[in-house]
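Colleague: Got a structure for you, written out below as structure tokens; questions coming shortly.
The values are calculated or read from the model by the stated rules, or taken from the named source; none is laboratory data. In this text the structure is predicted, and so the values were computed from the model without any measurement. A quick note on method: Cβ atoms are made from the backbone with ideal geometry, for glycine too, and the neighbour counts reach across all protein chains shown. We work out accessible area using only protein heavy atoms, side chains counted, and drop any ligands, DNA or RNA first. Shrake-Rupley method; radii C 1.70, N 1.55, O 1.52, S 1.80 Å.
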Amino acid sequence: LDTITPIVRTQNINAYLNDSGSVIVSPLWVNGGSTDNCYIAGYVLQPDTFTCAQLGANNVQLFVTDSSGNTGSSGAIVTIMDTIKPKPVARDLVVYLDATGQTNITVLMADSASSDNCSITSRTVLPNTFTCATVGNNIAYLRITDQSGNTDSVQLNVLVIDSVRPLLYPRNITVYLDTAGQVGITAAMVDSASTDACGIATRAVVPSAFSCNEKGNNTVVLTITDVNGNIDSVTATVTVLD
């Protein structure tokens, strides 16, 4: 008869989670040169299956059984590690400036079902603020970090549009015919500090010329166009006197 228990020798190891967030540790990975006076029939590791919930150091027990059924055991430490980067997935965005000439994007707007084999702890998108200076196509980056500090980024396109019309403030004016019976006006004369967040490109007033036939009150149209092509118009009164 053989009644001698195997001599179990173990070693501490690192084990790495797979894309599914799990790993099965083979007993042979933990075995550090166990021996028996006859021969070893089998190895069993408990526990041997690990997930994201077991990240870090875990105590395990290696059981070694010889051909006569004698079993010995010894402990070891299995450190579970996650080195797999998150999989960021971003969506392209179209955003509109507000009346102040600004707009912001959030990670919820930019993130299109990013994933990780364990769990995502933070999301950032940069740049996330856009102004009149960034009207048009822009590149931003969505950055994802998981619970083990693994990180990855992906690019997205942000189309910034200015669709806000200028804010018009007209004023009524009085003008006087000259000795030839004529008078002209400019848009600036009937504009009382009209504004636009991104800037005004042009001002125009129609009609802009008057004669004896237009003595009295006349309605004119002030039209303002901003630097991004947004247009608005308003009326004003021009009183022509001789």
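Colleague: Would you tally the residues in segment 57-113 being within 30 Å of Gly199 (Cβ to Cβ), in a strand (DSSP E or B) and acidic (Asp, Glu)?
Modeller: So the count comes out to 0.
Colleague: Another one. I'm trying to understand the selection: among the residues of segment 12-42, which are among the small types (Gly, Ala, Ser) and either modelled with pLDDT under 95 or in a loop (DSSP other than H, G, I, E, B) (or both)?
Modeller: Of everything in segment 12-42, those that are among the small types (Gly, Ala, Ser) and either modelled with pLDDT under 95 or in a loop (DSSP other than H, G, I, E, B) (or both) turn out to be Ser20, Gly21, Ser26, Gly32, Gly33, Ser34.
Colleague: Does at least one position in segment 137-144 carry a residue that is in contact with a strand residue (DSSP E or B) (Cβ under 7 Å, 6 or more places away or on another chain), open to solvent by 50 Å² or more (accessible area, probe 1.4 Å) and of a type in the set (S, T, N, Q)? Give the steps one after another, and end with the answer.
Modeller: Residues of segment 137-144 in contact with a strand residue (DSSP E or B) (Cβ under 7 Å, 6 or more places away or on another chain): 137-144.
Subset that is open to solvent by 50 Å² or more (accessible area, probe 1.4 Å): 137, 139, 141, 143.
Retained after the next criterion (residues that are of a type in the set (S, T, N, Q)): 137.
Yes; the residues of segment 137-144 include at least one that is in contact with a strand residue (DSSP E or B) (Cβ under 7 Å, 6 or more places away or on another chain), open to solvent by 50 Å² or more (accessible area, probe 1.4 Å) and of a type in the set (S, T, N, Q).
Colleague: Give me a count of the residues in segment 207-218 that are without any contact (Cβ under 8 Å) to a residue 24 or more places away in the chain and part of a strand (DSSP E or B).
Modeller: Within segment 207-218, residues that are without any contact (Cβ under 8 Å) to a residue 24 or more places away in the chain and part of a strand (DSSP E or B) number 2.
Colleague: From the list Ala188, Ala204, Ala197, exactly one residue is open to solvent by 30 Å² or more (accessible area, probe 1.4 Å), among the small types (Gly, Ala, Ser), in a strand (DSSP E or B) and at negative phi. Which is it?
Modeller: The unique qualifying residue is Ala204.
Colleague: Another question about this same structure. Looking at segment 211-218, can you tell me whether even one residue there is crowded, with 18+ Cβ neighbours inside 10 Å and at pLDDT 95 or above? Quick ask: steps written out before the conclusion?
Modeller: Here is the first cut: in segment 211-218, the ones crowded, with 18+ Cβ neighbours inside 10 Å are none.
There is no residue in segment 211-218 that is crowded, with 18+ Cβ neighbours inside 10 Å and at pLDDT 95 or above.
Colleague: When you go through Asp232, Asp196 one by one, which is the residue that is over 30 Å from Ala110 (Cβ atoms) and out of contact with any Cys (no Cβ under 7 Å at 6 or more places or on another chain)?
Modeller: Values: Asp196 fails: over 30 Å from Ala110 (Cβ atoms).
Checking each option against the conditions leaves just Asp232.
Colleague: Could you identify the single residue in Leu45, Leu55 that is at pLDDT 95 or above, within 28 Å of Arg123 (Cα to Cα), surrounded by 13 or more Cβ atoms within 10 Å (Cβ to Cβ) and among the aliphatic types (A, V, I, L, M)?
Modeller: Leu55
Colleague: Okay, moving on. Could you please tell me which pairs satisfy a Cβ distance under 6 Å, a separation of 6+ or placement on different chains, a first residue in segment 177-195 that is touching a residue at least 24 places away in the same chain (Cβ under 8 Å) and closer than 14 Å to Pro166 by Cβ, and a second residue that is open to solvent by 10 Å² or more (accessible area, probe 1.4 Å) and of a type in the set (Ser, Thr, Tyr)?
Modeller: These pairs meet every condition: Ala193/Tyr169; Ser194/Tyr169.
Colleague: How many residues, within segment 160-184, are open to solvent by 60 Å² or more (accessible area, probe 1.4 Å) and not in a loop (DSSP other than H, G, I, E, B)?
Modeller: Of the residues in that region, 4 qualify.
Colleague: Would you check if Thr65 is among the hydroxyl-bearing types (Ser, Thr, Tyr) and without any contact (Cβ under 8 Å) to a residue 40 or more places away in the chain?
Modeller: no
Colleague: Related question: Here are some conditions: (1) touching a Pro at 6+ places or on another chain (Cβ under 9 Å); (2) in a strand (DSSP E or B); (3) surrounded by 16 or more Cβ atoms within 10 Å (Cβ to Cβ). Asn117 meets all but one. Which one does it not meet?
Modeller: Unmet for Asn117, out of (1) touching a Pro at 6+ places or on another chain (Cβ under 9 Å); (2) in a strand (DSSP E or B); (3) surrounded by 16 or more Cβ atoms within 10 Å (Cβ to Cβ): (2).
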